[in-house]
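In what follows, a single structure is set out as structure tokens and then discussed.
What follows draws every value from the coordinates through simple rules; no lab data is involved. In this text, all values refer to a predicted model and were calculated from it rather than measured experimentally. Don't worry about glycine lacking a Cβ; one is built from the backbone with ideal geometry, like all the others, and counts go over all protein chains shown.
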Amino acid sequence: MNFDILTTDLLDAYLQKADAEALQQKFEQLEESKLSADNFSFYTSVSAVFSSKIEGEHIELDSFMKHKMLGVKFLPDYTQKIDDLYEAYQFAQQTALNYVSTKAAHTLLTKHILQQERRGQLRTGKMFVITPDGKIEYVACMPNLVEQEMSKLYTDIDTLLAEELNLVETLFFAAQIHLVFVKIHPFEDGNGRTARLLEKWFIAQKLGAKAWFIQSEKLYYDQHQTYYSNIRLGLEYDLLDYSQALPFLLMLPEALNLK
């Protein structure tokens, strides 16, 4: 396979560390929760809640489940962003993955984050990631290059969707897609939420609906300091060292251990 932006440079090292047989067994054992019903998915709730908590939303899974299952009425500010992300996951579960559908998912999940005209639209300004103490941690892809880099990424995704991949290879590329998307940082906000959705969306496109039961967002939240540390590959987009990405790529298989 020839890629424009993704790479297989770390694949051999990844395959040596990933226990393919054990991961396959754990993947096959995944199933929907007994708590789920026709109008409610437990694991979609887990995804939406913990992906939102990574971004600083103060909501508990128990509260969100009461909201979705029992109709408990909380203040809108407490649930609306998570409701939006839940809707984006539902959309992805019924929609083929491509560039257009990703922008549509972003439109849904930023309903209460961005102004309407900026939802699903590539950013046109510079983008920085700022630490809690106000320091610049990362300078994202320059705005004049965002469209070009996104085109490269989705050309590679299309290539992968047309190839036969086993479980371990799928997890490797899914995590790499997550990482590259975050580093491009194509939107004004909602990039992390979209990247984590995209990772799982890709797995589902390759391996089927069991992918939606992987609790990757919970794992990333539970290990959020490690998640942030592993995702740091350089201060600027043009200086990223993807040869250091193996610890990040190896986090996703850990999520198959969560019950």
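Among the listed pairs Lys73/Lys206; Lys183/Lys210; Lys152/Lys200, a Cα-Cα separation exceeding 29 Å is found for Lys73/Lys206. Selection among Leu6, Leu23, Ser63 by position relative to the dipole of the stretch 1-69 gives Ser63 as farthest towards the positive end (Cβ unit charges, Cα centre). If I take every Cα pair under 8 Å that is 6 or more residues apart in the stretch 85-199, average their sequence separation and divide by the length, what percent do I get for the relative contact order? So the answer I get is 29 percent. Computed from phi, the 3J(HN,Hα) profile of the stretch 100-117 under the Karplus parametrisation 6.51, -1.76, 1.60 (θ = phi - 60°) reads 5, 5, 5, 5, 5, 5, 4, 4, 5, 7, 9, 4, 10, 10, 10, 4, 3, 6 Hz, with x in place of Gly and Pro. Counting only residues at least eight positions apart within a chain, or on another chain, the aspartates and glutamates with an alpha carbon under 14 Å from that of Lys26 are Glu254. Taking max minus min of the alpha-carbon positions on each principal axis, the chain gives extents of 48, 45, 34 Å, largest first.
Could you put Leu160, Leu207 in order, starting from the residue whose Cβ has the fewest other Cβ atoms within 10 Å?
Leu207, Leu160
About its Cα centre, the stretch 24-165 has a charge dipole of approximately 500 debye under the convention of +1 per Lys or Arg Cβ and -1 per Asp or Glu Cβ, with nothing else charged. Residues whose amide H lies under 5 Å from that of Tyr138, counting only those 5 or more places away or on a different chain, are Val129; hydrogens are built 1.01 Å from N in the peptide plane. The charge dipole of the stretch 11-257, taken about its Cα centre with unit charges on the Cβ atoms of Lys, Arg (+1), Asp and Glu (-1) only, comes to about 560 debye.
Can you compute the helix-only [θ] at 222 nm over the chain? Use -39500 (n - 2.57) per DSSP H run of at least 4 residues, normalise by all residues, nearest 500 deg cm²/dmol.
Per the formula, -17000 deg cm²/dmol.
Structural descriptor for the chain: relative contact order 26 percent, calculated from alpha carbon pairs under 8 angstrom and at least 6 residues apart. Computed extension length for Ala13-Gln116: 32.7 nm, one decimal, from 0.36 nm per residue of separation with the Cα-Cα distance subtracted.
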